[in-house]
1. Can you tell me how many residues within the stretch 110-147 are touching a residue at least 60 places away in the same chain (Cβ under 8 Å), of a type in the set (D, E) and assigned to a helix (DSSP H, G or I)?
2. If you check I107 against the conditions, is it in a strand (DSSP E or B), among the aliphatic types (A, V, I, L, M) and either surrounded by fewer than 17 Cβ atoms within 10 Å (Cβ to Cβ) or in contact with an Asp or Glu (Cβ under 6 Å, 6 or more places away or on another chain) (or both)?
3. Please state which of the following conditions F123 fails to meet, knowing it meets all the rest: (1) in contact with a Ser or Thr (Cβ under 9 Å, 6 or more places away or on another chain); (2) surrounded by 17 or more Cβ atoms within 10 Å (Cβ to Cβ); (3) modelled with pLDDT under 95.
4. Just one of the numbered conditions (1) under 18 Å from F121 (Cβ atoms); (2) modelled with pLDDT under 85; (3) loosely packed, with under 10 Cβ neighbours inside 10 Å is not true of A80; which one?
5. Do we have any residue at all in the stretch 116-127 that's more than 17 Å from E50 (Cβ to Cβ) and touching a strand residue (DSSP E or B) at 6+ places or on another chain (Cβ under 8 Å)?
6. Looking only at the stretch 76-86, which residues are over 17 Å from Q117 (Cβ atoms) and either in contact with a strand residue (DSSP E or B) (Cβ under 6 Å, 6 or more places away or on another chain) or aliphatic (A, V, I, L, M) (or both)?
7. Quick check on the stretch 47-102: of everything there that is of a type in the set (A, V, I, L, M) and touching a Gly at 6+ places or on another chain (Cβ under 6 Å), which residue is farthest from A133 (Cα to Cα)?
8. Identify the residue in the stretch 89-100 that is assigned to a loop (DSSP other than H, G, I, E, B) and either at pLDDT 90 or above or at positive phi (or both) and, among all such residues, is surrounded by the most Cβ atoms within 10 Å (Cβ to Cβ).
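The values are calculated or read from the model by the stated rules, or taken from the named source; none is laboratory data. Values in this document were obtained by computation on a predicted structure and should not be read as measured data. Note: ideal-geometry Cβ built from the backbone for every residue, glycine included; neighbour counts use all protein chains shown.
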Amino acid sequence: MSSILPIVFFVIAATAILLIISFKKKSDEEPEVIKENELTSRFSIGQYVEGLPGENKPLPIVSCGITENDFVFCKGSAGAEIGRIARNSLTKINISKQGDKICFIEINWSDSAMVKQRAIFRFEDKKRAEAMASETAQELKKWQIET
């Protein structure tokens, strides 16, 4: 019996070490987050002015991510979602100027009840506002799904 005792202690110690290593490995891994796959990286869409059903106040910096079905608008470069527009629901994208340094993009779409909607975003930069608005409009059109 005394010769088996060291073997039993060795098996228990080895099992304990394997369990600790396994637990440590799992705790070091980041929790699995199910995230919608984006088709492209996010891009800046300027300052949010109005029009998204989920957000009623202006925001200084907004980004747009593209998923399989939606344009997803978020605070900052990847913050909380403030609204979505189905990629196949866009009806028109307008660019307008106000003075020397402000341009607006107006995104028109029809929601699931076929009610016409519009969201407005602003670009403010004396030298680049018009170019930024134009680039953003092209990016939206590039990812628009024609129906």
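1. Counting residues in the stretch 110-147 that are touching a residue at least 60 places away in the same chain (Cβ under 8 Å), of a type in the set (D, E) and assigned to a helix (DSSP H, G or I) gives 1.
2. For I107, the condition - in a strand (DSSP E or B), among the aliphatic types (A, V, I, L, M) and either surrounded by fewer than 17 Cβ atoms within 10 Å (Cβ to Cβ) or in contact with an Asp or Glu (Cβ under 6 Å, 6 or more places away or on another chain) (or both) - is not met.
3. It fails just one condition, (3).
4. (2)
5. no
6. S77, A78, A80
7. By that ranking, first place goes to I82.
8. Only one residue tops the list, namely S89.
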